Amino acid sequence: MKPLIDRLKPLKKDGRRLLGCFPLYPPVELFHSMGLEPLVMWGMKPFLDGTARSDRHIQNFVCSVGRHLVEFVLSDAGAVLDGMFMYNACDTLRNLPEILRSGLEEEGRVLPLLNAHIPMPSLEQTDARQYLRDEIQTLIGRLEQTFGVSFSDARFEQSVSSYRRARALARQLERAVAQGGIGFGKFAGLMQGNCLRSVEDQIEKMEAVVSEADKRPALKNADAPGAGVIISGIMPPPSGVSDIMEQSGLRVVGNDIASLARTYAYTPEDGGSAPDYYVDFYYNHHPCTTLLGSSDHRIKVLETLIQERGARGIVFLGEKFCEYEYFEFPFLMKRFKEKGIQSLQLEFSIDDDENLGQVRTRIEAFSEMISEGDAP
Ligand code: SF4
């Protein structure tokens, strides 16, 4: 647990209060501009010794994301948090505030918990923009009251500009992966590590990797070795699986992973108030199963990505017990099959990063099939 505490403490430098956030797309720019350090509580698994505390509060048929999140908050490392923020997403996360509150009470801890409701209908169905503006305005008031901080338009613009830079660098790195300049495993590890870095440190780290990648000769997608695939899911594959994909001759030319591309794909243009910024941010977000209103656009975005990057197949990485993703897999796979795009569905549960023999066999068979262009 100590390594995690050592990683988290520097986030509180300059008196910043650490705000644990879930799920993946909280208004980080707003928190940062108000002197708080947003910590999106994903990617804690490598630092945790199992899920013993979480298992006392939530069932073992909940996804690993939810179980690790609860374990972290209730752990000794979670005591570094100064508050939590959540918005509505899936059924698993929807009930976590009460569970966390009672778990923390048992540990003799109390944390302020702020929330916002992000309207989920698509714009074509209901125009909830004013509701969302009001939610953001209310959140600003609650942050000021809870943490004794203040909002300023100028500071908000500065924070937006930092996050815009970080997301642009992530997209640049994704391109370098597609061109074979960086391995996907290295890229995914860097991005997961970014969950525990301030945005300033994220930028520094990614700039260093970009300049390292720039020194290598750029390959066009078609010239880079390996059959190009898109990967899709909530979490990136375990590092052992990324290795198997590369060893099997697959090259990740793009991704639709919630903690990767869905997070860094879009930042609204400059200008406008904070409430207007978040209307743009959520309504034009990269489609995600957890933002229901955006789901209608998912097929189109994936098809465009496959075409632009010259991918020969798509690998769906199922997070076990994540109904949101599983509802869509059959439909997506059928639709891609009709268009001649092969897909492979893998499933990972909480301890599936060991004993990967069966996964290796399936990936190797898939790689062989798409490399030869055979029918399924
Ligand atoms: S993986 Fe799925 S079920 Fe789990 S928290 Fe994310 S969206 Fe919810």
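What follows is calculated from the coordinates using simple rules that are stated; it is not laboratory data. All values derive from a computational prediction rather than experimental measurement. Reconstructed Cβ throughout: ideal geometry from the backbone, glycine too, with neighbour counts over all protein chains shown.
What 222 nm value per residue comes from the helices of the chain, counting each DSSP H run with n ≥ 4 as -39,500 (n - 2.57) and dividing by all residues, nearest 500 deg cm²/dmol?
The helix contribution divided over the chain gives -15000 deg cm²/dmol.
So, with +1 on the Cβ of K and R and -1 on the Cβ of D and E, and no other charges, what is the size of the charge dipole of the stretch 13-154 about its Cα centre, to the nearest 20 debye? Walk me through the intermediate numbers first.
On the way: 13 positive and 19 negative charges, 30 e Å.
Dipole about the Cα centre, nearest 20: 140 debye.
Using 7 Å Cα-to-Cβ label points, what is the Lys13/Asp243 separation (nm, one decimal)?
A separation of 3.3 nm, rounded to one decimal place.
Taking 7 Å along the Cα-to-C-beta vector as the label spot, tell me the Glu303-Lys334 distance in nanometres, rounded to one decimal.
Using points 7 Å along Cα→Cβ, the separation is 1.6 nm.
What is the distance in Å between the Cα centroid of the stretch 1-73 and that of the stretch 231-307?
Cα centroid to Cα centroid, the span is 21 Å.
Over 19 Å between C-alpha atoms is what I'm after, so list which of Lys186/Lys320; Lys300/Lys337; Lys300/Lys320; Lys13/Lys186; Lys186/Lys300 land there.
Numbers: Lys186/Lys320 24 Å; Lys300/Lys337 15 Å; Lys300/Lys320 25 Å; Lys13/Lys186 28 Å; Lys186/Lys300 28 Å.
Long pairs (Cα-Cα over 19 Å): Lys186/Lys320; Lys300/Lys320; Lys13/Lys186; Lys186/Lys300.
Given C-alpha coordinates of the chain, what is the ratio Rg to Rh with the Kirkwood estimate of Rh?
On the way: Rg = 20.5 Å, Rh = 21.6 Å.
Dividing the radius of gyration by the Kirkwood radius yields 0.95.
Rounded to the nearest 0.05, what FRET efficiency do Phe61 and Asn115 have when you use their Cβ-Cβ distance and R0 = 25 Å? All intermediate terms of the calculation are to be shown ahead of the outcome.
Values: r = 25 Å, r/R0 = 1.00.
Between Phe61 and Asn115 the formula returns 0.50.
Label Ala154 and Gln125 with points 7 Å out from Cα along Cα→Cβ: what is the distance between them in nm?
Simple spin-label model gives 4.3 nm for this pair.
Test of understanding: ordering Arg175, Arg67 by Cβ neighbours within 10 Å, fewest first, what list do you get? Spell out each step's value before the answer.
On the way: Arg175 17, Arg67 25.
Ranked by crowding around the Cβ, least crowded first: Arg175, Arg67.
Report the extension gain between Ser371 and Tyr266 in nm, rounded to one decimal, defined as 0.36 nm multiplied by the number of residues separating them, less their alpha carbon distance. The partial results should precede the final answer.
Numbers: separation 105, 0.36 × 105 = 37.80 nm, distance 3.21 nm.
My answer for the length gained is 34.6 nm.
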